[in-house]
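Read through the structure below, which is laid out as structure tokens, and then see the notes.
The values are calculated or read from the model by the stated rules, or taken from the named source; none is laboratory data. What you see is a predicted model, and the numbers here were worked out from it, not measured in a lab. Cβ: placed from backbone, ideal geometry, glycine included. Neighbour counts: every protein chain shown.
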């Protein structure tokens, strides 16, 4: 058997090709809005989190960035007025990144085109049942390879309810 003709290699190759291709298509809209891919990822993570905020360490865990990397991104987004830092009331060493009204407005303005891009280049290519299965499959894999990707949701909920 040819060691290079393995379905596992095919799966990884296809995943990489799809990811790269989608990023290239989606980045056009981010650039038009004055954002990089990592800026958008940071802002959308905050927008989809309770109270539009996450602990900095959780934000780093949810993105593809190190703690120092997310600090630099948040610094830049803070200078642009899209994000602000808030101290943690229970841990003086920790701080939260919080989406500002300007950040919400920037995301809101680009969202119609972004969703159209997602539909054009991704979701409309799959039947509804294919998409549901695909999303379930991605979550299964994500939960193993990036368990920190949902970090912070419980913590924010505890702070606000407890």
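In region 1-23, which residue that is surrounded by fewer than 11 Cβ atoms within 10 Å (Cβ to Cβ) and part of a loop (DSSP other than H, G, I, E, B) is modelled with the lowest pLDDT?
1
Quick check: is even one residue across region 102-117 surrounded by 12 or more Cβ atoms within 10 Å (Cβ to Cβ) and either more than 18 Å from the chain's Cα centre (by Cα) or more than 17 Å from residue 44 (Cβ to Cβ) (or both)?
Yes, there is a match, as at least one residue in region 102-117 is surrounded by 12 or more Cβ atoms within 10 Å (Cβ to Cβ) and either more than 18 Å from the chain's Cα centre (by Cα) or more than 17 Å from residue 44 (Cβ to Cβ) (or both).
Mind checking whether some residue in region 49-64 is in contact (Cβ under 8 Å) with a residue 40 or more places away in the chain and over 20 Å from residue 148 (Cβ atoms)?
No, because not a single residue in region 49-64 is in contact (Cβ under 8 Å) with a residue 40 or more places away in the chain and over 20 Å from residue 148 (Cβ atoms).
Would you mind finding the one in 43, 26, 35 that is surrounded by 15 or more Cβ atoms within 10 Å (Cβ to Cβ), farther than 16 Å from residue 149 by Cβ, under 9 Å from the mean Cα position of the chain (by Cα) and in contact (Cβ under 8 Å) with a residue 24 or more places away in the chain?
43
Which members of region 25-40 meet the condition of being part of a helix (DSSP H, G or I) and either modelled with pLDDT under 95 or in contact with a helix residue (DSSP H, G or I) (Cβ under 8 Å, 6 or more places away or on another chain) (or both)?
Selection gives 25, 26, 27, 28, 29, 30, 32, 37, 38, 39, 40.
Mind checking which helices (runs of 4 or more DSSP H) fall wholly inside region 41-156 and carry at least 1 residues that are at negative phi and out of contact with any helix residue (DSSP H, G or I) (no Cβ under 8 Å at 6 or more places or on another chain)?
67-79, 101-121, 128-145
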